[in-house]
1. What single numbered condition from (1) under 20 Å from Gln13 (Cβ atoms); (2) surrounded by 12 or more Cβ atoms within 10 Å (Cβ to Cβ) fails to hold for Thr77?
2. How many of the residues making up region 37-53 are in a loop (DSSP other than H, G, I, E, B), under 19 Å from Thr103 (Cβ atoms) and of a type outside the set (D, E, K, R)?
3. Which residues, taken from region 74-115, are assigned to a helix (DSSP H, G or I) and over 12 Å from Leu18 (Cβ atoms)?
4. Considering every residue within region 54-72, establish whether at least one is assigned to a helix (DSSP H, G or I) and over 17 Å from Val111 (Cβ atoms).
5. For region 57-115, how many residues are touching a helix residue (DSSP H, G or I) at 6+ places or on another chain (Cβ under 9 Å) and closer than 17 Å to Phe29 by Cα?
6. Go over the candidates Leu85, Leu80 one by one and state the one that is closer than 15 Å to Ile34 by Cβ and aliphatic (A, V, I, L, M).
7. Checking Cys22 against (1) within 11 Å of the chain's Cα centre (by Cα); (2) open to solvent by 70 Å² or more (accessible area, probe 1.4 Å): exactly one of these is not met. Which one?
Amino acid sequence: QVQLVESGGGLVQAGGSLSVSCKASRSIFSFNVIGWYRQAPGKQRELVARIWSGGRANYADSVIGRFTISRDITKNTVHLQMNSLKAEDTAVYYCNADVVSNTYWGQGIQVTVSS
């Protein structure tokens, strides 16, 4: 079993920056992949960014050049740095991890970008 706890988030004006972090209850070194999804009101949950065990990262087209995902294996933590935020980035952001054949989710954290 893996617990994922998100932190950070909050309210920021458009054009600003914000970061969210996800701390896992065990070492992320062996995770297949860990990353972030988001869900805006009335919309489906979508992938934002993820980082694979080998270090390769994937990003949604809408965040390329603005968001950066990173991990700190020593602290079992993954970070998402969000720059040049837009109103359409407003959503609940969820940490997600695939570990062997199981998928785990955090409880979600709100990110609100005011225009």
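The values are calculated or read from the model by the stated rules, or taken from the named source; none is laboratory data. Note that the coordinates shown come from a computational prediction; the quantities given were computed from them, not determined experimentally. In this analysis, Cβ positions are derived from the backbone assuming ideal geometry, glycine residues included, and neighbour counts consider all displayed protein chains. We work out accessible area using only protein heavy atoms, side chains counted, and drop any ligands, DNA or RNA first. Shrake-Rupley method; radii C 1.70, N 1.55, O 1.52, S 1.80 Å.
1. (1)
2. Of the residues in region 37-53, 2 are in a loop (DSSP other than H, G, I, E, B), under 19 Å from Thr103 (Cβ atoms) and of a type outside the set (D, E, K, R).
3. Passing the criteria: Thr74, Lys75, Ala87, Glu88.
4. Yes - at least one qualifying residue is present in region 54-72.
5. Residues meeting the conditions: 0.
6. Criteria check complete, one pass: Leu80.
7. Answer for Cys22: the failing condition is (2).
Conditions (1) more than 12 Å from the chain's Cα centre (by Cα); (2) among the charged types (D, E, K, R); (3) surrounded by fewer than 20 Cβ atoms within 10 Å (Cβ to Cβ); (4) closer than 24 Å to Gly15 by Cβ, marked per residue:
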site: Asn32; (1), (2), (3), (4): yes, no, yes, no
site: Arg50; (1), (2), (3), (4): no, yes, no, no
site: Arg71; (1), (2), (3), (4): no, yes, no, no
site: Tyr104; (1), (2), (3), (4): yes, no, yes, no
site: Thr112; (1), (2), (3), (4): yes, no, yes, yes
